[in-house]
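Working notes, beginning with the structure itself.
The values are calculated or read from the model by the stated rules, or taken from the named source; none is laboratory data. Owing to the predicted nature of the structure, the values given are computational and were not obtained by experimental measurement. For neighbour counting, all protein chains shown are included, and Cβ atoms are generated from backbone atoms with ideal geometry for every residue, glycine included. Surface areas here come from the heavy atoms of the whole protein model, side chains and all, with no ligands, DNA or RNA. Shrake-Rupley method; radii C 1.70, N 1.55, O 1.52, S 1.80 Å.
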Amino acid sequence: MSETVATDYLDCLLKSWSIKSNEPLSWLNQLRARAIDHVSTQRLPTKRDEEWRFTDISALTRLSFQSAQPHTSLRAQDIEHLYLKEAKNSLVFVDGYYSPQLSTHIDPTVLQIGNLSTFLSTHASILESHFGQYARFDNNVFAALNTAFLHDCALIIAPKNTVIAEPVHLLFIATQSEVTSYPRCLIIGESGSNVTFVEDYVSLQEAAYVTNSVTEISLSANAHARHIRIQRESAQAYHLANCAVSLARGSNYQSVSISLGAQISRYNLNVQLIDEAAECAIDGLALISSNQLADTHTSIDHIKPNGISRQQHKCIVNDKAHAVFNGKIIVRPHAQQTNSSQSSRNLLLSKTAQIDTKPQLEIFADDVKCAHGATVGQLDQEEIFYLQSRGLSEATARSLLTYAFGAEIIDRISVSSLRQQLEQTVLNQTRGNKL
Amino acid sequence: MIVNNSKTLLLVQGLRASINGTEILKGIDLTVKSGEIHAIMGLNGSGKSTLAKVLAGHAAYEITAGTVRFEDKDLLELAPEDRARAGLFLAFQYPIEIPGVANTQFLRLAYNTIQAQRGKEELDPLEFDDFVREKMKLLDMNPDFLDRSVNEGFSGGEKKRNEILQMALLEPKLSILDEMDSGLDIDALKTVANGVNQIANKDNATILVTHYQRLLDYVVPDFVHIMQSGSIVLTGGKELALELETRGYDWVTANKRSIAGAIA
């Protein structure tokens, strides 16, 4: 690719950008204006950029996708299969636009959820103090684009010392082709709160489109959040996502992210343990085939002492698919007594599948416990033989072992209907592999 | 038990097998009839575990000579799963752990696969649960093991119980138990042996592969075979194992011919 083309792509987007005059809040428009400034000074990353060396997004530059327009003909019965039965509260966005008709919101007294416009008047100061504060866009052109073009946001505020038992479903549905949507989420866990939310990207058709999403999560002291992220976009889609998490003293963040869809997907997850004794558990699974590329870049940044982080990332790669994992763990000079572990395990199901995994430890404190490891392999012949010796055919044995490899991550999803759906997906995708 | 006129289940003749070009089995002859319990004893490296794996169909071994008949079938022609479906069972020395698959799922899948092969009724999860719990009592196993991942985090003794549980469920005609006693304390050994004894009957047969005589105090063999360097060098009754226990494997090496003459 040439950089000229890349610049054209951004130029095209820059031309279409304008401040919407019917939105009175100056801080939000200032944020957008700052973001568009950053877009204009950056270029699209290429494989010459270290952070993008395995992921070629030049195909994106050949597309001239416009911002998606509101699309309202979707009815609840069209998406019935997408609702989670455990989730009493769900916010549904269609091509990036909030749909109050498709959303369900049972109990506004306990949990404050909604979209941007419902909160702008009532929670302006809270929004202003969090919005755009965690997902940096000065060095990230996709986060800058999202911020510049954002027109709505899924918001969850878990009030102080409140435990919300049911998961909140944030459902992003793509219905149009050759458009770009800019989903945005902000989750604020006030001190001592406990919330579970599912961030779910789906498509109703096999179309080419771009999802450029940004999620920001801020947990105050002793807040707990479980974040389940499912990327099941169309097989032709481009999914470019950034998630930034800020963890205050004693807070606890648990994340399970599953990447199944998209032609090219990139998920950046940056977790900062900004105060003492914060804890995070980050689990990921990419299950891809044909010509898919799934790239996960994570950074876990221990800034203060006594933090705990645990990470397990798995990839199951079939056909000519390509999975990338880059997991950086930073332990800063003051972050003594940090306990961190990271594991990257990868399963290749065909001779043409490719995996690039790069665990990175950057440790600047001397009294810490950090372990990491990476494996890339095929199914174990002894395991296959064991199952065959119990009467299972070789094909069944392979499917079961592949399934088990993925199920270890899926089992960590706390929403049982979602877990069952995903287990079935893994079973279907792993049936009959040959290696 | 030795039963008059019982039918031959397994007939091994002149079996030779290699791994990566190294010959491990150098001409094995062995006949096992229904009702019988055989013990194959030998030091590490004598080839006894290889024999067990070759009979079960492990792909790493190349068969270079000999024949194996299992009832009316040419065993060496069958894939490992077809050997299992025909009624051969290998209890592994080191059972494989499968994180992510619940033990009960795995047990039911194996059970139903074998049942379907035999033209018998498959069980749904509820029916199977009742059935497997009954079998677990035989081995004094905690039902919690059903919900845990297959063998994951099981102690040595728990893994061996889980192997015998599979044997109890699958009701094989011929069971080969590879080093069933390794890693077991005496109580676990008794429990496992009790399970094996309850499963053994006049219509099936068992081959115990073991280094030590200890297991044979609890599962009493009809025949004892001693293997050295890939061959069976001595065959006798249960007293041969006791003799071996007191005199050691060196005694066999030094006196192969005279002992064989004395036993004959």
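Are there any pairs with C-beta distances below 6 angstrom linking a residue in the stretch A:131-155 that is under 22 Å from A:Lys15 (Cβ atoms) to a residue that is surrounded by fewer than 24 Cβ atoms within 10 Å (Cβ to Cβ) and basic (Lys, Arg), with the two at least 6 apart or on different chains, and if so which? Between residues of the stretch A:131-155 that are under 22 Å from A:Lys15 (Cβ atoms) and residues that are surrounded by fewer than 24 Cβ atoms within 10 Å (Cβ to Cβ) and basic (Lys, Arg), the close pairs are A:Ala148/A:Arg32.
Of the residues making up the stretch A:219-230, those that are open to solvent by 10 Å² or more (accessible area, probe 1.4 Å) and not basic (Lys, Arg) are A:Ser220, A:Ala221, A:Asn222, A:His224. Only residues that are more than 8 Å from chain B (Cβ to nearest Cβ) and of a type in the set (D, E, K, R) were counted in the stretch A:393-408, giving 1.
Quick one: A:Gln360 ticks every box in (1) within 14 Å of another protein chain (Cβ to nearest Cβ); (2) open to solvent by 10 Å² or more (accessible area, probe 1.4 Å); (3) touching a residue at least 24 places away in the same chain (Cβ under 8 Å); (4) not small (Gly, Ala, Ser) bar one, so which box is it? For A:Gln360, the exception is condition (1).
In the stretch A:254-280, which residue that is in a strand (DSSP E or B) and more than 14 Å from the chain's Cα centre (by Cα) is farthest from A:Glu51 (Cα to Cα)? Result: A:Glu279. Taken over the stretch A:44-55, the criterion of being surrounded by 15 or more Cβ atoms within 10 Å (Cβ to Cβ) and in a loop (DSSP other than H, G, I, E, B) is satisfied by A:Leu44, A:Pro45, A:Thr46, A:Arg53, A:Phe54, A:Thr55. Where helices (runs of 4 or more DSSP H) sit wholly within the stretch B:40-152, those with at least 2 residues that are open to solvent by 50 Å² or more (accessible area, probe 1.4 Å) occupy B:80-86, B:103-117, B:125-138.
Among the residues making up the stretch B:187-215, those that are closer than 21 Å to B:Gly42 by Cα and surrounded by fewer than 22 Cβ atoms within 10 Å (Cβ to Cβ) are B:Leu189, B:His211, B:Tyr212, B:Gln213, B:Arg214.
Let's see how each residue does on (1) within 8 Å of chain A (Cβ to nearest Cβ); (2) closer than 14 Å to B:Arg148 by Cα; (3) not hydroxyl-bearing (Ser, Thr, Tyr):
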{"site": "B:Pro80", "(1), (2), (3)": "yes, no, yes"}
{"site": "B:Gly87", "(1), (2), (3)": "no, no, yes"}
{"site": "B:Leu90", "(1), (2), (3)": "yes, no, yes"}
{"site": "B:Asn103", "(1), (2), (3)": "no, yes, yes"}
{"site": "B:Ala110", "(1), (2), (3)": "yes, no, yes"}
{"site": "B:Ile114", "(1), (2), (3)": "yes, no, yes"}
{"site": "B:Gln117", "(1), (2), (3)": "yes, no, yes"}
{"site": "B:Lys120", "(1), (2), (3)": "no, no, yes"}
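For B:Asp72, the conditions (1) of a type outside the set (Ser, Thr, Tyr); (2) under 17 Å from the mean Cα position of the chain (by Cα); (3) more than 9 Å from chain A (Cβ to nearest Cβ) all hold with the exception of (2). Restricting A:Thr196, A:Thr215 to residues that are of a type in the set (Val, Ile, Thr), part of a strand (DSSP E or B), touching a residue at least 24 places away in the same chain (Cβ under 8 Å) and within 24 Å of A:Ser67 (Cα to Cα) narrows the list to A:Thr215.
What about B:Asp178, is it at pLDDT below 95, in contact with a strand residue (DSSP E or B) (Cβ under 8 Å, 6 or more places away or on another chain) and within 13 Å of chain A (Cβ to nearest Cβ)? No.
State yes or no: is B:Ile226 within 20 Å of B:Phe70 (Cβ to Cβ), assigned to a strand (DSSP E or B), open to solvent by less than 30 Å² (accessible area, probe 1.4 Å) and β-branched (Val, Ile, Thr)? Judged against the criteria, B:Ile226 is not a match.
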